[in-house]
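Take a look at the structure below.
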Amino acid sequence: LMNQRLSGKKEGRRLEASLMQGGAMLSVIRLMAQYLERGAATRTSMPNAVYDTVDGQINVTMVRPQDWPPFCEAIERPDLLTDPRFATHEARGKNLDELYAVLRPIIKEKLTDHLAERFTARRIMNYRVNSYEEFLREPQVAATGIVSWLTQPRSEEHTSELQSRGLI
């Protein structure tokens, strides 16, 4: 597509893409941590997850163990800070399944935008999980040109056809 744009010629090109390389790139941070720490990489951020909310889902990514107190404040559960199962980074790691079992129902009772506002105010990375339709309406999708909408010939309505410009 880039060659067509630059040369004006409609010529095809062979594109070779490795699924293994793509998968490795998605896991590069953990891959290198495991290698550098000789297979004993320590999780530095938890409880990262996609959580169900009252009206959708939210992805929460904590980068540092110090994010735990603001996380508890954001979900309005400061009592979790003193719970011995979760009070330290090490304890949260050992009790991670139990931690998720406690957190999921708490977060499920809250609105996505409410949580997003509270997490963002406390500098905890988060974002609502979009449906495909919501994704296509994101301002960043339009700004990057990752998707192009086309009008099809002989169609009375504006129809859409997606081009994956910029995905590869």
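Listed values, structure above:
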quantity: Per-residue ³J(HN,Hα) for the stretch 111-120, Karplus 6.51 cos²θ - 1.76 cosθ + 1.60, θ = phi - 60°, Hz, x for Gly and Pro; calculated: 6, 4, 5, 4, 5, 4, 4, 5, 5, 4
quantity: Ile146, Ile124, reordered so the largest accessible area comes first (probe 1.4 Å); calculated: Ile146, Ile124
quantity: Length gained when the stretch Phe135-Ala101 is fully extended (0.36 nm per residue, less Cα-Cα span); calculated: 9.4 nm
quantity: Long-range HN-HN contacts of Met125 with modeled amide H, under 5 Å; calculated: Thr61, Val63
quantity: The stretch 77-152, accessible surface, carbon-and-sulfur percent (1.4 angstrom probe); calculated: 56
quantity: Efficiency of FRET between Asp52 and Ala142 - r from beta-carbon atoms, R0 35 angstrom, step 0.05; calculated: 0.80
quantity: Sequence-distant residues sharing a close amide H with Gln57 (under 5 Å, placed H); calculated: Val129
quantity: Accessible area (Å², 1.4 Å probe, nearest 10) - His89; calculated: 50
quantity: Karplus 3J(HN,Hα) series, Hz, for the stretch 130-142 with 6.51 cos²θ - 1.76 cosθ + 1.60 (x for Gly, Pro); calculated: 8, 6, 4, 5, 5, 4, 5, 8, 4, x, 5, 4, 5
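The values are calculated or read from the model by the stated rules, or taken from the named source; none is laboratory data. None of the values given here were measured: they were computed from a predicted structure. Neighbour counts run over all protein chains shown; Cβ positions are idealised from the backbone, glycine included. Heads up: the accessible areas ignore ligands, DNA and RNA and are worked out on the full protein's heavy atoms, side chains in. Shrake-Rupley method; radii C 1.70, N 1.55, O 1.52, S 1.80 Å.
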